[in-house]
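These notes concern the structure reproduced below.
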Amino acid sequence: TPLDRIRNFSIIAHIDHGKSTLADRLIQRTGGLSDREMTAQVLDNMEIEKERGITIKAQTVRLDYKGYVLNLMDTPGHVDFAYEVSRSLAACEGALLVVDAAQGVEAQTLANVYQSIEHDHEIVPVINKIDLPAAEPDKVKAEIEDIIGLPADDAVLASAKSGIGIDEILDAIVARIPAPKGDSEAPLKAMLVDSWYDPYLGVVILVRVVDGVLRKGQQIKFMNAGTTHLVDRVGCFRPKIEQLADLGPGEIGFITAQIKEITETRVGDTITDARRPAPAALAGFKEVQPVVFCGLFPVDANDFEKLRESISKLRLNDASFSFEMETSAALGFGFRCGFLGLLHLEIIQERLTREYDLDLITTAPSVVYHIHLTHSKTEDAHMIELHNPADMPDPNRIESIEEPWIEATIYVPDEYLGAILKLCQDRRGIQQDLTYVGGRAQLRYELPLNEVVFDFYDRLKSISRGYASFDYHQIGYREGDLVKMSILVNNEPVDALSMIVHRAAAEARGRHMCERLKDLIPRHLFKIPIQAAIGGKVIARETIAALRKDVTAKCYGGDITRKRKLLEKQKEGKKRMREYGSVQIPQEAFIAALRMG
Ligand code: GDP
Ligand code: MG
């Protein structure tokens, strides 16, 4: 396809403003699928994506419109996947900014819009849902101009649901989004935008060709990984697979090259011709490193092998999470897993539970600490990376502990600013900047990642009623006064609940954990002490009173069906319990105890 006939764009929107519906409508209008094949939300193909409305893996569809080739890239919207968003945006020249005509501009869109602007995108505003009685397109236009600073005079008014404005959107893409640039004679240079494992095709690689031509039968080289492969398929998605002879400059499509492991393909790598390599790789290659770790253990020890198989399968599709075997005194055999962030952790955990039907216990999430050790009889002084609080070395050998810090950017409507400032302050944040964009505050804070991984994002959302948006990047390691806090139930340490905390926050956190556990652990026939301790020193304690036998009898004695229900519920619950010093702890207690509320 000649360059001037290609347009590459993505769609950015706040959740629920209609991105998926619009994408489906564009595919339908340009004939990618027959009406019969058109099932709702073609682009969100994973079950969890559909349910949560989160796009996890970027997908691309090629549309034909009036002699033009339009490549629509879907992008994940969440900070955990910021790097994938950035790669997808780098593959486009423009974006549709979809705003709900009744809701107006919302803060979660902002981070993505600014990323898009950073990539020099031409942005076409689309005001969606104009069919709604509450639609206020003029007010929304003004918001786009005031808050985002984009001209909105020629914003397209649309209803993805009723099919209004679809042709206008397609025309605007052709007229306003610039054609890609590139040189078909130059040595091949293509960006590896995404990759995933397909049971029939093996590893599929999504590419954006910058210069040169990518052909079937070509020997290619991944410039950062240093490996070479033979291309055996070239094609695109419409969204059905269509094989092509080649992909030229400016084109987006996929290749397969008999690659078995997704770990061999790294997002952001540059693909070149092995026989005629480009002199330099494309800028911006970044290795994605897991930043949050936790242990995953089967509730039923017999499920360990099943867990191993399931994790290995998931890993085929997601090279960004890591795992290695772990043993815990209380939980038995399991895996220590690394994730890009908390949402990533939740998604993997949920897929294991749902798609592989596993009952799991998840331990407290932890970041990676740098522990500097003094020399001992057998070892010189050196640094270790600690992924698991349970592996904390003897405090006497620790010279210092460093923890990862991030710089966070937060957009928040003025009315919630005070509460957000307090949240950041409580989490040891250091304010860098506070400015106003439209009616919103833009805050920049440096924060220890440790304070963010638990529930920072949830708190931010609930304090601001969903209006705050949050984005962050790591800024390196800094020394901190950190200690390991253990939790003891009935005088027995529960290794899965031990965590590394800032000394100043230890007492409050310990007290909170004890109070939480007191509520979460059911009463037993004996008294149960719950304690938080640093080293041998108890810093907080609670006691669960013993259950009086006749209480249940009295409560449920009369109503036999209610009693049976209760017993059944208890039986169901049994599976999800763990025993510590003859105390039964329900699985929910592990997760719930870690939320700071
Ligand atoms: P996404 O989260 O941005 O992908 O949003 P969806 O495409 O999933 O849409 C969210 C909800 O808004 C769904 O219930 C859609 O049916 C609805 N919706 C999308 N576009 C329109 C529209 O133009 N008009 C109306 N009334 N509803 C719409
Ligand atoms: Mg969607």
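The values are calculated or read from the model by the stated rules, or taken from the named source; none is laboratory data. Model, not experiment: these values are computed from the prediction. Quick reminder, even Gly has a Cβ in these numbers, built from the backbone with ideal geometry, and neighbours come from all protein chains shown.
Numbers below:
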item	result
Pair list, Cβ under 8 Å, 6 or more apart: the range 8-31 residue closer than 13 Å to Asp64 by Cα and among the β-branched types (Val, Ile, Thr), other residue modelled with pLDDT under 90 and within 12 Å of ligand 1 (Cβ to nearest atom)	Ile27/Val42
Wholly enclosed strands (runs of 3 or more DSSP E) of the range 236-340 bearing at least 2 residues of a type in the set (Ser, Thr, Tyr), in contact with a strand residue (DSSP E or B) (Cβ under 9 Å, 6 or more places away or on another chain) and touching a residue at least 12 places away in the same chain (Cβ under 8 Å)	270-273, 322-328
Condition check for Thr374: more than 27 Å from Gln584 (Cβ to Cβ), hydroxyl-bearing (Ser, Thr, Tyr), in contact with a helix residue (DSSP H, G or I) (Cβ under 7 Å, 6 or more places away or on another chain) and touching a residue at least 12 places away in the same chain (Cβ under 8 Å)	yes
Residues within the range 308-321 that are surrounded by 17 or more Cβ atoms within 10 Å (Cβ to Cβ) and closer than 12 Å to Ile348 by Cβ, tallied	8
In the range 84-122, residue farthest from ligand 2 (Cβ to nearest atom) [restricted to those that are part of a strand (DSSP E or B) and in contact (Cβ under 8 Å) with a residue 60 or more places away in the chain]	Gly94
Strands (runs of 3 or more DSSP E) within the range 436-554 that include 3 or more residues within 27 Å of Ala13 (Cα to Cα)	440-448, 469-480
Answer from Ser10, Ser20 - the residue that is within 16 Å of ligand 2 (Cβ to nearest atom), at pLDDT 90 or above and hydroxyl-bearing (Ser, Thr, Tyr)	Ser10
Only listed residue being touching a Pro at 6+ places or on another chain (Cβ under 9 Å), among the β-branched types (Val, Ile, Thr) and at pLDDT 85 or above, chosen from Ile401, Ile371	Ile371
Failed item in (1) closer than 21 Å to Lys461 by Cα; (2) modelled with pLDDT of 60 or more, with Asp74 passing the rest	(1)
Scope the range 294-351; condition within 21 Å of Ile585 (Cα to Cα), out of contact with any helix residue (DSSP H, G or I) (no Cβ under 8 Å at 6 or more places or on another chain) and not charged (D, E, K, R); matching residues	Ala301, Asn302, Phe304, Thr327, Gln349
Options Lys260, Lys240, Lys286, Lys221; residue that is of a type in the set (Lys, Arg) and at pLDDT 90 or above	Lys221
Selection from the range 240-270 of residues that are of a type in the set (Lys, Arg), exposed (fewer than 15 other Cβ atoms within 10 Å of the Cβ) and farther than 15 Å from Gly202 by Cα	Lys240
Residue under evaluation Phe237, criteria (1) touching a Pro at 6+ places or on another chain (Cβ under 8 Å); (2) crowded, with 20+ Cβ neighbours inside 10 Å, criterion not met	(1)
Scan of the range 158-211 for residues that are farther than 24 Å from Phe237 by Cβ and buried (at least 20 other Cβ atoms within 10 Å of the Cβ), ordered by number	Ser159, Gly165
Filter result (surrounded by fewer than 23 Cβ atoms within 10 Å (Cβ to Cβ) and within 22 Å of Val210 (Cβ to Cβ)) within the range 95-115	Gln115
